[in-house]
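Step one of this worksheet: look at the structure below.
What follows is calculated from the coordinates using simple rules that are stated; it is not laboratory data. Here the structure is a predicted model, which is why all the values come from computation and not from measurement. We place every Cβ from the backbone using ideal geometry, glycine too, and count neighbours over all the protein chains shown.
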Amino acid sequence: MDDHPREISDLIVAYDPATLARLPVRKAEVVDYFRQRGNVRAATIADALPAHDGVLDNDAMDRLLIEVHCEMQLLSEEFNHGRRMRELLAPFLNALRAAGAARPLRVVDIGCGGGFVMRWLGLHGDLGDDVELIGADYNAALVGRARELAAAEGSRCRFEVANAFTLAQPGSVYVSTGVIHHFRGDELRGFFASHAGDATQVFLHTDFQPSPLAPFGAWLFHKVRMRIPLSHHDGCLSAARAHSAQTLTAAATTALPGFTCAMFGRWFIRKPLPRVFHTLVGFRPALREHVLKALGSRAGRLEL
Amino acid sequence: MIPVILYLLAVMDCAFMGYRAAAARNALINKRRYYTRAMLRGAALGNGAVLIAFVLVQVLLATAPLREIAYRELIAGGERLVWVYAPYAGIVLVGFVFRMAPSTDIRSMMNILIFGPFTLIRWPVVLSGAGLACVSVPSWRVWVFCAVIVGLMRAAELTLNRWHSPRAGVVGAPAAA
């Protein structure tokens, strides 16, 4: 039994790592996983999920995940994830341009879900015509939904059912929002090691920042905003599972010796007021001066 | 003045109820029209609730042996409601003003400090206002009035949530602009 608690959404879908084909998930295994860990609430939620012959109904799981991501988008909107990503991404893209990086500059969102960040950037980011915005996720239903929504609003981005690191055209910049807490221990180092490709120049991974108030804050927000029990449970657990700055920088530095890794935006004004979210930033050392110049007054938020 | 303030508070509360009922059900990026319609729907329902409350007040006054005393009791009860509801509404409105700031930090701070916690305490505030009015003005007309308006607020909330709820089944499709 692993020591890292999983969210319900981690367990109710499974994919073949090579083909990304859906694998069957036995409902009893999901329920037992939570019962063995004393998580009665999660076990109850899992037990209520539709199944056929003991196997979770994939279509029903996809519909549920689409609704859950729609609810989670409210968190992204209320905490301005699109705007935040733009504020950090734009200077790094300028740094890449100043350094003469190859065009187009491909920004890949790892585990994009419903594609909120890419869709927002595609509509309001004004990142430049030399930028391609690509969202990647294993789940075909979520990717299909993201494509529908992007088309409905004419957002300049695209979505792929893919492992973000094995796209036909690799990214120059990898980003994620609320994803890295899903990786634990060796998985986290493996995740960072995947960024080592030659094309990768920058990564920006935003997630909850752990703090004494984070569990209460997560409970409060999810209590008043989320209607689906799975959203509430997984949202609260996400905040509890959030990696500290030390864990993230240690894992990234170990896995990526060819990158400069640092935390960005941990504190509101100054310590000790933590922001709700922090960002792990990584870039090729040759970009350092361009990055600091492009960040301008925000360079002080980068903990080099 | 008290009836006017209560009217404005009721309609504003219902408009925000409409917003909350609509929230997290539409995955489009640009939702200004969607939320505007949701708030107008809430405000319309609020006006309906106010109309019911107005009719109730007229009945309470018409059936009172001493109309002037009954009127003063209801005004006194309404005053207590304003004492509790107006500061709550004022703080929420201040939050909206700050939320228009260009800073993502200030916008997020408003969610943490005001919108989240004040959504959580909304029903305790509603019941506290009604409780204060009932305790301060020991008149059965005030008690009936408070019970009815609390019931109307709950009914409005349930109605708005139910109005949106069937549409949650089509959340997979883009909502009509």
TODO: Give the calculated FRET efficiency between B:LEU158 and B:TRP83 to the nearest 0.05, with a Förster radius of 35 Å applied to their Cβ-Cβ distance.
DONE: 0.85
Open item on the list: At a 10 Å Cβ-Cβ cut-off, how would you order A:SER231, B:SER139, B:SER103, fewest neighbours first?
Closed with: B:SER103, B:SER139, A:SER231
Open item on the list: Restricting things to Cα coordinates, could you compute the convex hull volume per residue of chain B in Å³?
Closed with: 115 Å³
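One quarter of the convex hull surface, Cα atoms only: what value does that give for the protein assembly as shown in nm²?
Reported value for the Cα convex hull: 25.2 nm².
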Open item on the list: Once you keep just the Cα pairs under 8 angstrom separated by 6 or more residues, what percentage relative contact order results for segment A:195-304?
Closed with: 33 percent
Open item on the list: Can you compute the FRET efficiency between A:ALA18 and B:LEU127 using 1/(1 + (r/R0)^6), with r the Cβ-Cβ distance and R0 = 51 Å? Round to the nearest 0.05.
Closed with: 0.35
Task: B:ILE52-A:ALA286 FRET efficiency (beta carbon distance; Förster radius 60 Å; 0.05 resolution) - done: 0.30
Task: Average Cα contact separation per residue, segment A:60-143, under 8 Å, 6 or more apart, as relative contact order % - done: 37 percent
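State to the nearest 20 debye the size of the charge dipole of segment B:2-166 about its Cα centre, where the only charges are +1 on K and R beta carbons and -1 on D and E beta carbons.
Values: 16 positive and 6 negative charges, 132 e Å.
Its charge dipole is roughly 640 debye.
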Task: Over chain A, relative contact order from alpha-carbon pairs under 8 Å, at least 6 apart, % - done: 16 percent
Task: Order of B:ILE106, B:ILE114 - criterion: other Cβ atoms within 10 Å of each residue's Cβ, fewest first - done: B:ILE106, B:ILE114
Open item on the list: Running a GNM on chain A with Cα contacts under 10 Å, which residue among A:MET226, A:MET118, A:MET85 ends up with the highest mean-square fluctuation?
Closed with: A:MET226
- [ ] Taking the Cα centre of the protein assembly as shown as origin, work out the dipole magnitude from +1 charges on Lys and Arg Cβ and -1 charges on Asp and Glu Cβ, in debye rounded to 20.
- [x] 1280 debye
TODO: Over every pair of different alpha-carbon atoms in segment A:153-304, take the mean of 1/r and invert it; report that Kirkwood radius in Å.
DONE: 16.8 Å
